[in-house]
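Comments concern the structure below.
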Amino acid sequence: MLRVQKATLGKFGEPELASRINSRGWKSILPAALDDQQLLLISDQLRDLLAGQGWDATRGPGSAALPISLLLLSKAGARRSGKGTNVELDTLHEAMTLLCIALDREIVNRMLHRQDDTIGSGLIQGLRLLVQNGSEPFKSPCSA
């Protein structure tokens with residue numbers, strides 16, 4: 001059975017994320033660019049967030065999962081206001097779900113020694129569609 005000891009993975013929080021982006025650019029946070037440990041840590045952090053468990057204080061100052069999700073949404077065209085990004089909570093949840101799926105696909109591909117260079121581009125394309133659909137006002141098919 002496949003198992004990973006979480007304690008041996010180290011940490012990947014906001015400081016490590018900032019250092020990575022500053023030295024390698026924003027594309028260094030796409031699933032294929034992450035090393036195995038970072039990939040597993042981000043996947044685990046996202047699962048915690050999506051399950052409503054929030055931050056895990058034992059992993060250092062914060063988690064990298066939420067900042068990665070917001071950065072990818074901004075690169076996909078989410079509206080910026082000042083220093084932040086305006087995103088509805090539903091859109092953020094959907095974005096984190098898409099990122100979780102992309103990370104899981106990358107993990108499985110690495111375990112099975114398969115190559116798939118479309119995961120990152122597919123993630124960005126999915127996020128772009130999500131941002132476009134989220135910025136358009138909802139029009140009900142029913143007339144009132």
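The values are calculated or read from the model by the stated rules, or taken from the named source; none is laboratory data. Quick caveat: nothing in here was measured; it's all calculated off a predicted structure. Ideal geometry is used to build each Cβ from the backbone, glycine not excepted, and the neighbour counts take in all protein chains shown. The protein model used for the area step is the full one, side chains on, heavy atoms only, and it has no ligands, DNA or RNA in it. Shrake-Rupley method; radii C 1.70, N 1.55, O 1.52, S 1.80 Å.
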Inset, instruction - Give the number of residues within segment 1-53 that are exposed (fewer than 14 other Cβ atoms within 10 Å of the Cβ), without any contact (Cβ under 8 Å) to a residue 60 or more places away in the chain and farther than 23 Å from LYS75 by Cα. - result: 11
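Would you call LEU99 crowded, with 20+ Cβ neighbours inside 10 Å, under 11 Å from the mean Cα position of the chain (by Cα) and modelled with pLDDT of 95 or more?
Numbers: crowded, with 20+ Cβ neighbours inside 10 Å: yes; under 11 Å from the mean Cα position of the chain (by Cα): yes; modelled with pLDDT of 95 or more: yes.
Taking the combined requirement at face value, the residue satisfies it.
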Inset, instruction - Restricting attention to segment 111-144, report how many residues are modelled with pLDDT of 90 or more, open to solvent by 80 Å² or more (accessible area, probe 1.4 Å) and not in a loop (DSSP other than H, G, I, E, B). - result: 4
